[in-house]
Amino acid sequence: MLTNVAFTTAASLKHNFPNHPENNERVPAIVEALRSAKLLERMTEITNPAAAKLEQVTEVHQADYVQELIERLDSNPTYLDSAPTYFTHASLQCALHAAGASIALVDTVLDKNAQSGFALIRPPGHHAVPGAAMGFCLLANIAIAARHAQKRGVERILILDFDVHHGNGTQEIFYDDSSVLFVSIHQEGLYPGGGQAYQTGINTGQGFTLNIPIPAYAGGSAVQQILSDLIFPSVRHFCPELILVSAGFDAHWRDNLSNLQYSGRDYHVISTALQELASEFCSGQIVFFLEGGYDLPALSESAVNVFRALLGEPSIDTLGPPLHPEPDIRNQLTHIRSLHDF
Ligand SMILES: [Zn+2]
């Protein structure tokens, strides 16, 4: 059976800052790679998605934070934090567009106009907390999309974050919430510093946050073990109705912002596994959202591998294998599993 895959773009060309890794070349690089792989014509493009409405944003963010962003529009371009997260005259409009594109793609999948999708959006979202911008992120795109899906009646959502950095914003938003299982695989000790395994949720959300911090140089074998030892059992225990994925590609061995060693093929492996879980629990419904990934060749080839997995095509890897031997993480994974019930 042919899989119907949708995508949408919010390239946010006007949200840009000199010499910043989170720049306006990122989404066009992915689209160009899809074009040369002749994949664009095999998918449904959701064109001109509406910007998110302020009331959709404030389902997740504090109203005074949104007001602060509106008031800053008259000021000169500036940094909002030390990451640094930049903010220009165009940034709020771009962020609302990215969040709106996220919502539109979730609607496309929930309306069964496509089975799966990938929102190629920026600025990214998973570091943004309810009351502040953080880590190149202004609005929490995936969380806004998740709340939108819940308003449409979806009760249990898996949010899986494989960006190399901990998805602290998403964690904070859903930390006391048993309706969202939040799973983050990230390099331990990296920005923004949280995401320790013992952070498992609070109150009714206890057990619904699964942090998987892994050491520098972990790569393809780690991915396989994490999937079999932690992801499959935890997701099968939770039984999600929808799967949303924070898809950052900065764990690729070429990316300068971290020291994990995923290859392009590993993103295909992860995506295939998640698609399998979506078929098992969610009628195949799964939506990916672009987060980080700053080495353009690695970013675009890795993103193409997600699309290839969704389309049932084999992986490609033209960039070669990682350079360093992988550490053994079995004891760490056993420890993480001991902190959970699944
Ligand atoms: Zn990242």
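If you keep only loop residues by DSSP, which trypsin sites (Lys or Arg not before Pro) in region 34-92 have at most 11 other Cβ atoms within 10 Å of their Cβ? Don't skip to the end; give the middle numbers.
On the way: sites: Arg35, Lys38, Arg42, Lys53, Arg72; in loops: Lys38, Lys53.
Those that pass, being in a loop and sparsely packed, are Lys38.
What is the distance, in nm, between label points placed 7 Å from the Cα along the Cα-to-Cβ direction at Ala63 and at Tyr79?
Spacing of the two 7 Å Cα→Cβ label points: 3.3 nm.
If R0 is 22 Å, what FRET efficiency do you get for Phe232 and Glu326 from their C-beta distance, rounded to 0.05? Don't jump to the answer; show the numbers that get you there.
Working: r = 21 Å, r/R0 = 0.94.
That pair, Phe232 with Glu326, gives E of 0.60.
Taking the chain, how many lysine pairs are there with alpha carbons less than 25 Å apart, if each pair must be eight or more places apart or span two chains? Spell out each step's value before the answer.
Values: Lys14/Lys53; Lys38/Lys112; Lys53/Lys112; Lys53/Lys151; Lys112/Lys151.
Close lysine pairs found across the chain: 5.
In whole percent, what relative contact order does the chain give with Cα contacts below 8 Å and a gap of six or more residues? Please report the intermediate quantities before stating the final value.
Working: 758 pairs, mean separation 62.4, N = 342.
Relative contact order for the chain comes out at 18 percent.
Compute the separation of the alpha-carbon centres of region 92-121 and region 17-70 and state it in Å as a whole number.
Taking the Cα centre of each part, region 92-121 and region 17-70 sit 9 Å apart.
Quick one: net charge around Ala273, please, counting Lys, Arg +1 and Asp, Glu -1 for every other residue with C-beta under 15 Å from its C-beta. Walk me through the numbers before you get to the answer.
Working: positive: Arg236, Arg265, Arg308; negative: Asp161, Asp229, Asp266, Glu276, Glu280.
After counting each charged neighbour, the total is -2.
Calculate the FRET efficiency for Arg152 and Tyr198 from the Cβ-Cβ distance with a Förster distance of 30 Å, rounded to the nearest 0.05.
Step by step, r from the Cβ atoms, then E = 0.35.
Under 5 Å between amide H atoms, partner at least 5 residues away or on a different chain: which partners does Tyr175 have, H built in plane at 1.01 Å?
Close amide H contacts, sequence-distant or interchain: none at all.
Output wanted: per-residue J couplings in Hz (rounded whole) for region 82-88, from phi through Karplus 6.51 cos²θ - 1.76 cosθ + 1.60, θ = phi - 60°, x for Gly and Pro.
Those phi angles translate into 8, 3, x, 9, 9, 9, 10 Hz.
What's the extension gain from Glu32 to Ser178 if we count 0.36 nm per residue and subtract their Cα-Cα distance? Working shown, then result.
Details: separation 146, 0.36 × 146 = 52.56 nm, distance 3.94 nm.
Additional length available on full extension: 48.6 nm.
Per residue of the chain, what 222 nm ellipticity follows from adding -39500 (n - 2.57) for every DSSP H run with n ≥ 4, rounded to the nearest 500? Working shown, then result.
On the way: 11 runs with 119 residues, N = 342.
That calculation yields -10500 deg cm²/dmol at 222 nm.
Just for the chain, what percent of DSSP beta bridges are antiparallel, to the closest 5?
Working: 4 of 39 bridges.
Of the beta bridges lying entirely in the chain, close to 10 percent run antiparallel.
Laboratory data are not the source of any read-out in this text; all were calculated from the coordinates shown. Owing to the predicted nature of the structure, the values given are computational and were not obtained by experimental measurement. Every residue, glycine as well, gets a Cβ built from its backbone with ideal geometry; the counts of neighbours run over all protein chains shown.
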